[in-house]
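The values are calculated or read from the model by the stated rules, or taken from the named source; none is laboratory data. No experiment lies behind these values; they were computed from the predicted model shown. So basically every Cβ, Gly included, is an ideal-geometry build from the backbone, and we count neighbours across all protein chains shown. Ligands, DNA and RNA are excluded from the accessible area calculation, which covers all protein heavy atoms including side chains. Shrake-Rupley method; radii C 1.70, N 1.55, O 1.52, S 1.80 Å.
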Amino acid sequence: MSDSSGDSRVKTLNFNVGVLGHVDSGKTSLARALSSTASTAAFDKNPQSRERGITLDLGFSSFTVDLPEQLRGGQQQYDSLQFTLVDCPGHASLIRTIIGGAQIIDLMMLVVDVVKGVQTQTAECLLIGELTCPRMVVVLNKIDLLPPNKRQTAIEKMTKRLHKTLESTRFKECPVIAVAAKPGGPDAPDTEESQGMSELIELLKKQTYLPQRDPGGDLLMAVDHCFSIRGQGTVMTGTILQGSLAINDTVEIPSLKVTKKIKSVQMFRKPVTGAMQGDRVGVCVTQFDPKLLERGVICTPGSLRTLHAAVISVRKIGYFKGSLATRAKFHITVGHETVMARVTFFGLPPVNASTPPSEPSLPHSLEMPFAFDREYFYQDEYVTGQVEMSSGPEPEQWALLEFERPVTCPSLCLVIGSKLDTDIHANACRLAFQGRLLEGFEDKSYAETALPRLRIYKTKHKEGQVERVSDDYTVIGRSLFKKETNLQLFVGLKVTLSTGESGVIEGGFGQSGKFKIRIQEGLSPETKQLFSSTSKKKGKGGGKGGQGNEEEPKADCQPVSIHLHFKRYVFDPHKKMVQS
C-alpha cells in the first residue's frame, strides 16, 4: 500500500528492487535507463562519485507500470505498480552500504558484465541476496561489446555458466536476461538507444509478488538522505522497514537522542497523509541540522536500543575461507551501522564432556533458543560441521559481540560479520558469518552487570600422582599444583585416582605443593596391595609433617595418577572452580 492518504483515486503498490553487482558492471546506467521518476536520492548525488564514475551511496529512483495480472484481485485493490530501484554500490570497500540497503529489498537484480562474468564482488552480492531477499533476476549487461556475429553464442555460454553457479543457491533456475543499458559506455552520447529495457521491464513485472506489508508495530525507517528546506523544516528520505507513520506523529532520531514532529509526507513528490512498511517516503519534520543525520534510522520514540554488546545466533558463511576465532575482531553490520567488535563463540556442552553438564545434553541438531539459565561451552573458534563425526547439520552456536562503539538497532535484526580489511583484489569472500540479534546489553558497564549472567564455561583438567599412602583413608599427592599455588582454593574439590577411588582434597602437606586427599570409602584391597610390600619406610617420620609407617608404590608398578576435573565460568568475577 503506497498511499494511505484516504485518497481513493489511485493506489500504487511499491516494490523495492535492489540493483547489485560488481563495480563497473553498469548498475547505475541500468537504473537510469529503467527509470522515469527520480526521487531526491536518485543517480548518486555525490559529486565525488560522479567524477570517479562509481556509485558511493544507495541511489533510489522509480518508475510506474500497469499492474500485472498476478497482482489483480485479492484484498488490497491496487491500480498501478511502482518499482523503486535501490542502486547499491559495487565498490569493494562499500559492502557495508549494500548490507544496509539489502534489508528493504523485495527482488534483486544482479548485474553481470557479459564480458567478464562473475567476479569476487558479484559472488558477495549473491551472498547478501541469499541472506536478505527471496527472488532474483540476473541481468547480463554490455552485450553491445560483443561482436554481432558471436553475440548470441557468447550470451548462451554465459547464461549456462551462471545457472551452474546458482545451482547450489536459493536462486537456482532464476531468469537471466541480456541487455545493453548504455551502448558505447558511460561517455557515449545519449543518442544510442539502450537495448532490452522493455523486455526487462516485462520480466520484472512477471517476477513481482505481493510483499508482506504490515502497518502494525513500532515504526522503523531507514533514512538514506537528509536535507533542509528553508522555512519548512528538515526532510529525511528513506524506506519504511516496519510499522507506519502519519502527519503529526512524533518520531525519534535515536542517534541524536531527539524527538521531532512530522509536518508533511511525500511519496515520489506527491503529498500523502501517511505511509507504511515497504513505502519509500520523504518526511518533513521540525528543523534540525541535516548534516547530523546523513544515514541512519528513525523510529517510534523509545522503541530502539543502543547497545554496547550483544548475543547473536551465528552461522558461518560457506565461502569464507578463514577460521572464525574467539577474541578476533570483525566488522559487524547490524541495522544500518557497521562497527568493529570482538567476538566470543560458544555452543552447547559437548555430549561426551568429561565434566558431566548439570543438565542432560541434547542432540546438537535440535533448535534451542538462547537462554541465560542454560549452560554453554566456551569455544576457541566456530565449530564447522566437518569437525563433528556425523555429517549432520552444524551444531547450534552463538557469539558474544563486544562493540568498539555503541550501535542502535532493532531486536532480532540481521547481523553480518565480515573481514572488510581483506585486500579487495584478493579473490576471496570477505563475508564471514551471519546471524540474528537475540539479546542486547545497553549498560556501558555490561562486563560487570550483565556478562556474569552468561553461563559460558571452560573445562579444566589437572593431573598429579600419589606419592604415598598414609593410611587406608588418606593419601599424599604431588605434581598437581605449583609450589606457589594457594591450595586453600582447592580444598573440598573432588578428585579420582587412576585405580578408581574418589576422594576430596583436604589441604596442603608440607611446603612443596604436596597435598592430602581423604578417600571417604577407603582404598580398595587391590590398591593397598599395589602399595604394600617391601616399600615400608623405616624412618621415624616420613618428612616434615609426615608420619612413620607410610607406603609408596612398588618400584616396578605403574604410578597411581590423580585426576582433578572442574569448570570455570568465563565471566564469573570470582573465577570460582565448579564441579558438578
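Overview of results
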read-out: Residue check for ILE262: at pLDDT below 90 and hydrophobic (A, V, I, L, M, F, W, C); value: no
read-out: Any hit, the stretch 77-97, residues being open to solvent by 60 Å² or more (accessible area, probe 1.4 Å), within 21 Å of GLY335 (Cβ to Cβ) and either at pLDDT below 85 or not in a strand (DSSP E or B) (or both); value: yes
read-out: Residue satisfying all of: in the stretch 126-142; in contact (Cβ under 8 Å) with a residue 40 or more places away in the chain and within 22 Å of SER194 (Cβ to Cβ); surrounded by the fewest Cβ atoms within 10 Å (Cβ to Cβ) among these; value: VAL137
read-out: Any hit, the stretch 316-331, residues being at pLDDT below 90, outside the structural domain of PRO406 (by the TED database), open to solvent by less than 30 Å² (accessible area, probe 1.4 Å) and not aliphatic (A, V, I, L, M); value: no
read-out: Inter-residue pairs, beta-carbon under 9 Å, first in contact (Cβ under 8 Å) with a residue 12 or more places away in the chain and hydroxyl-bearing (Ser, Thr, Tyr) and in the stretch 472-496, second assigned to a loop (DSSP other than H, G, I, E, B) and open to solvent by 50 Å² or more (accessible area, probe 1.4 Å), 6+ apart; value: TYR473/GLN520; TYR473/GLU521
read-out: Tally, over the stretch 286-316, of residues that are assigned to a loop (DSSP other than H, G, I, E, B) and either farther than 29 Å from ARG453 by Cα or touching an Asp or Glu at 6+ places or on another chain (Cβ under 9 Å) (or both); value: 12
read-out: Wholly within the stretch 396-480, strands (runs of 3 or more DSSP E) carrying at least 1 residues that are out of contact with any strand residue (DSSP E or B) (no Cβ under 8 Å at 6 or more places or on another chain) and of a type outside the set (Gly, Ala, Ser); value: 456-471
read-out: Test: residue in the stretch 176-190 that is open to solvent by less than 80 Å² (accessible area, probe 1.4 Å) and without any contact (Cβ under 8 Å) to a residue 12 or more places away in the chain; value: yes
read-out: Check on ARG305, open to solvent by 30 Å² or more (accessible area, probe 1.4 Å) and in contact with a Gly (Cβ under 7 Å, 6 or more places away or on another chain); value: yes
read-out: Given (1) outside any strand (DSSP E or B); (2) within 16 Å of ALA275 (Cβ to Cβ); (3) in contact with a helix residue (DSSP H, G or I) (Cβ under 9 Å, 6 or more places away or on another chain), index of the condition TYR209 fails; value: (2)
read-out: Options GLN529, GLN558; residue that is of a type outside the set (D, E, K, R) and modelled with pLDDT of 80 or more; value: GLN529
read-out: Residue check for LEU241: under 26 Å from PHE15 (Cα atoms), hydrophobic (A, V, I, L, M, F, W, C) and part of a loop (DSSP other than H, G, I, E, B); value: no
read-out: Out of GLU526, GLU521, GLU506, sole residue that is over 30 Å from ASP373 (Cα atoms), in contact with a strand residue (DSSP E or B) (Cβ under 9 Å, 6 or more places away or on another chain), of a type outside the set (Val, Ile, Thr) and not in a loop (DSSP other than H, G, I, E, B); value: GLU506
read-out: Positions within the stretch 192-227 being within 30 Å of ASP144 (Cα to Cα) and open to solvent by less than 10 Å² (accessible area, probe 1.4 Å), in sequence order; value: LEU200, LEU204, THR208
read-out: Residue pairs meeting the criteria (Cβ under 9 Å; at least 6 apart or on separate chains; first in a helix (DSSP H, G or I), in the stretch 143-163; second basic (Lys, Arg) and open to solvent by 100 Å² or more (accessible area, probe 1.4 Å)); value: HIS163/LYS172
read-out: Condition check for VAL407: modelled with pLDDT of 85 or more, under 25 Å from MET221 (Cα atoms), buried (at least 20 other Cβ atoms within 10 Å of the Cβ) and not assigned by the TED database to the domain that holds PRO254; value: yes
